[in-house]
Amino acid sequence: MSDTTASLSAPAAVRWIARTLERHGFETWAVGGAVRDAIGGHRSGDWDLTTRARPKDVRRIFKRTVPVGVEHGTVGVLSREGTMYEVTTFRRDVETDGRHAVVSFADKIVDDLARRDFTVNAIAWHPLSERIYDPFGGRNDLENGRLRTVGEPGERFREDYLRVLRAFRFASRFELEIDSETWEAILAVVGRLSGLSAERIRDELLKMLDQDRHPSRGLELYAESGVLSELYPELEATRKASTDLPGVTQWALTCAVLDHLPTGNAPLRLGALLRSLQPAAAAAVLFRLRLSNAQVDRTLRIVSAPPLPPSDASGEGFRRWLSAVGRDVWPASARVELALARAFEKMAPDAPRDAASVVASWRRAREVRDTAPPLAVEDLALDGRTLIRLGLRPGPRFGEILADLLDWVLEDPARNEQSLLVERVIATEPHARD
């Protein structure tokens, strides 16, 4: 057990909430990821507090509260600036089934910490005395680069199988090595992960893609443990698929690409992760993760985007590429291609296309885009109403006509004049009349 003090850079509101609760006789601590990150020297995120006060007490003491999850003991307390801080009553697990836990309120901070997943997440900090309460050695594990469960590993994972995916995320993001007992316990429950909800599985993957500078580490843990095969068999198949680089699998290349993409953009990295798959296989993964139709559509356009034209390609070539990829997706597609070039450079110095050439093509694409050429049917100076005025009957043929006009205009944007488009329709459609 470690019981020391540390001056952590917590918002003033954290101390205000703790001071207010303790003035009313309720022991209060800061817990969770912000404490872990601050102790580990990382930038802290949202600060959460846990207290002996029951939800009704918190709502009585503070004037401005939000019932975030009162049934689970959590009340949102609004600071003077309007920022919300979650305050949760000490809890202990009563019953678990691997997916959900039944909890009851507790009176001691140690009970609350004992129900947490990993030692690095079971550290409490007292905002007033600056005392660190670390009954399970999480601070020592952080310093020694080790990830362990709180208590017996098998029991921890049987309580909630999602902790397997959380283990991979924490180990990857904070460069921790999973200790042997914890790893063996993970291997024993891999087959149970498919019983988790798609939303929880998806959120863990997206958090890792969003936060981790090098998500390849976490993804390799997915692969080595068998979790990749269990949850993402489409990606498992890429571990044996070859690339143009001798001895480099498609999976290894994909992981390298992800490491060359920025944090804070999970959708971009998700598109890069699935780019090695056929669109149908990528769509199967996305729908299984229950992403919205708009998210699926955008990701699939990143997955299926054709390569950037060379920088010396014609304006028409770039217009057709921009049209195929879409205004909203082309920067993401270019960024993925740049990451691919950088991964190739690192793996093979004589790679066919280097990062500098991709950057040159990206700049050329931007220059062509900035001329505001028509790139979609919606940009045409003619629409379905014009076709009706020309005597054509609405139907599937309308789409074919507009697609033909767009193809004609992509060749030469100056053709995007209604009179010229009408002339072309009359010339190609027997039933059209001026």
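Quick check on my filter: what residues within the stretch 284-298 are over 18 Å from residue 204 (Cα atoms) and surrounded by 18 or more Cβ atoms within 10 Å (Cβ to Cβ)?
298
Condition check: more than 24 Å from residue 290 (Cα to Cα), in contact with a strand residue (DSSP E or B) (Cβ under 8 Å, 6 or more places away or on another chain) and either open to solvent by 20 Å² or more (accessible area, probe 1.4 Å) or at pLDDT 95 or above (or both). Does residue 163 satisfy that? Let's see the steps before the verdict.
On the way: more than 24 Å from residue 290 (Cα to Cα): no; in contact with a strand residue (DSSP E or B) (Cβ under 8 Å, 6 or more places away or on another chain): yes; either open to solvent by 20 Å² or more (accessible area, probe 1.4 Å) or at pLDDT 95 or above (or both): yes.
No: the conditions fail for residue 163.
May I ask you to list the residues in the stretch 310-346 that are under 12 Å from residue 260 (Cα atoms) and open to solvent by 10 Å² or more (accessible area, probe 1.4 Å)?
Step one: of the stretch 310-346, the residues under 12 Å from residue 260 (Cα atoms) are 335-346.
Within the stretch 310-346, 335, 337, 338, 340, 342, 344, 345, 346 meet the criteria.
Would you kindly identify the helices (runs of 4 or more DSSP H) lying entirely within the stretch 19-115 that contain at least 2 residues that are at pLDDT 95 or above and over 26 Å from the mean Cα position of the chain (by Cα)? Before the answer, list the steps.
Numbers: elements: 33-39, 55-61, 109-114.
Ranges flagged: 55-61, 109-114.
Being under 29 Å from the mean Cα position of the chain (by Cα) and part of a loop (DSSP other than H, G, I, E, B) is the filter here; which residues of the stretch 349-375 pass it? Even if it seems obvious, please write down each step before you answer.
Of all residues in the stretch 349-375, those under 29 Å from the mean Cα position of the chain (by Cα) come to 353-363, 365-366, 369.
Hits for the stretch 349-375 are 353, 354.
Residue 33 - would you say it is surrounded by fewer than 18 Cβ atoms within 10 Å (Cβ to Cβ) and under 16 Å from residue 134 (Cβ atoms)? Full working, then the answer.
Values: surrounded by fewer than 18 Cβ atoms within 10 Å (Cβ to Cβ): yes; under 16 Å from residue 134 (Cβ atoms): yes.
The answer is yes for residue 33.
Quick one: what pairs do we get from the stretch 411-434, first residue over 14 Å from residue 398 (Cα atoms), second open to solvent by less than 70 Å² (accessible area, probe 1.4 Å) and polar (S, T, N, Q), C-beta under 9 Å, 6+ apart or different chains?
As it stands, the answer is 418/386, since those pairs meet every condition given.
Quick one: would you say residue 131 is basic (Lys, Arg), closer than 23 Å to residue 167 by Cβ and open to solvent by 50 Å² or more (accessible area, probe 1.4 Å)?
Here the answer is no, as residue 131 does not meet what is asked.
Could you tell me which numbered condition residue 176 fails, if it satisfies all but one of (1) of a type in the set (A, V, I, L, M); (2) closer than 29 Å to residue 259 by Cβ; (3) open to solvent by less than 10 Å² (accessible area, probe 1.4 Å)?
Failed condition: (3).
Evaluate the stretch 366-373: report whether one residue or more is at pLDDT 95 or above and buried (at least 17 other Cβ atoms within 10 Å of the Cβ). If you could, list the steps in order and put the result at the bottom.
So in the stretch 366-373, the residues at pLDDT 95 or above come out as 366-373.
Narrowing further to those that are buried (at least 17 other Cβ atoms within 10 Å of the Cβ): 368, 373.
So far as the stretch 366-373 goes, yes, one or more of its residues are at pLDDT 95 or above and buried (at least 17 other Cβ atoms within 10 Å of the Cβ).
Going through the stretch 247-263 one residue at a time, which ones are without any contact (Cβ under 8 Å) to a residue 60 or more places away in the chain and open to solvent by 60 Å² or more (accessible area, probe 1.4 Å)?
Selection gives 247, 263.
Restricting to the stretch 382-424, give me the number of residues that are within 23 Å of residue 324 (Cα to Cα), of a type in the set (A, V, I, L, M) and in a helix (DSSP H, G or I).
Of the residues in the stretch 382-424, 9 are within 23 Å of residue 324 (Cα to Cα), of a type in the set (A, V, I, L, M) and in a helix (DSSP H, G or I).
Report yes if some residue within the stretch 114-135 is acidic (Asp, Glu) and without any contact (Cβ under 8 Å) to a residue 40 or more places away in the chain; otherwise report no.
Residues of the stretch 114-135 acidic (Asp, Glu): 117, 130, 134.
Among the residues that remain, those that are also without any contact (Cβ under 8 Å) to a residue 40 or more places away in the chain are: none.
Within the stretch 114-135, none of the residues are acidic (Asp, Glu) and without any contact (Cβ under 8 Å) to a residue 40 or more places away in the chain.
Looking at (1) within 24 Å of residue 224 (Cα to Cα); (2) touching a residue at least 40 places away in the same chain (Cβ under 8 Å); (3) more than 24 Å from the chain's Cα centre (by Cα); (4) open to solvent by less than 30 Å² (accessible area, probe 1.4 Å), which is the only condition residue 158 fails?
(4)
Condition (residue is open to solvent by less than 20 Å² (accessible area, probe 1.4 Å) and of a type in the set (Phe, Trp, Tyr)) applied to the stretch 394-403: is it met by at least one residue?
Of the residues in the stretch 394-403, the ones open to solvent by less than 20 Å² (accessible area, probe 1.4 Å) are 401.
Now drop any that are not of a type in the set (Phe, Trp, Tyr), which leaves none.
Checked the stretch 394-403: no residue is open to solvent by less than 20 Å² (accessible area, probe 1.4 Å) and of a type in the set (Phe, Trp, Tyr).
Suppose we keep only residues that are outside any strand (DSSP E or B) and of a type in the set (A, V, I, L, M) within the stretch 134-155. Which one would you say is least open to solvent (accessible area, probe 1.4 Å)?
Initial filter on the stretch 134-155 (outside any strand (DSSP E or B)): 135-145, 148, 150-155.
This time we only want the ones that are of a type in the set (A, V, I, L, M), so: 142, 150.
On the way: 142: 35, 150: 3 Å².
Here the residue is 150.
Only residues in the stretch 71-89 that are at positive phi count as the first member; pair them with residues that are assigned to a helix (DSSP H, G or I), Cβ under 8 angstrom, at least 6 apart or cross-chain, and list the lot.
73/55
Quick check on the stretch 211-227. Is at least one of its residues surrounded by fewer than 19 Cβ atoms within 10 Å (Cβ to Cβ) and over 20 Å from the mean Cα position of the chain (by Cα)?
There is at least one residue in the stretch 211-227 that is surrounded by fewer than 19 Cβ atoms within 10 Å (Cβ to Cβ) and over 20 Å from the mean Cα position of the chain (by Cα).
Cβ-Cβ distance below 7 Å, separation of 6 or more or different chains: which pairs start in the stretch 223-245 with a residue that is closer than 17 Å to residue 275 by Cβ and assigned to a loop (DSSP other than H, G, I, E, B) and end on one that is open to solvent by 70 Å² or more (accessible area, probe 1.4 Å) and of a type outside the set (Gly, Ala, Ser)?
245/347
The values are calculated or read from the model by the stated rules, or taken from the named source; none is laboratory data. Just so you know, these numbers come straight off a predicted model, no measurement behind them. Because the Cβ atoms are built from the backbone with ideal geometry, glycine has one as well, and the counts that use them run over all protein chains shown. Calculation scope for accessible area: heavy atoms of the full protein, side chains included, ligands and nucleic acids excluded. Shrake-Rupley method; radii C 1.70, N 1.55, O 1.52, S 1.80 Å.
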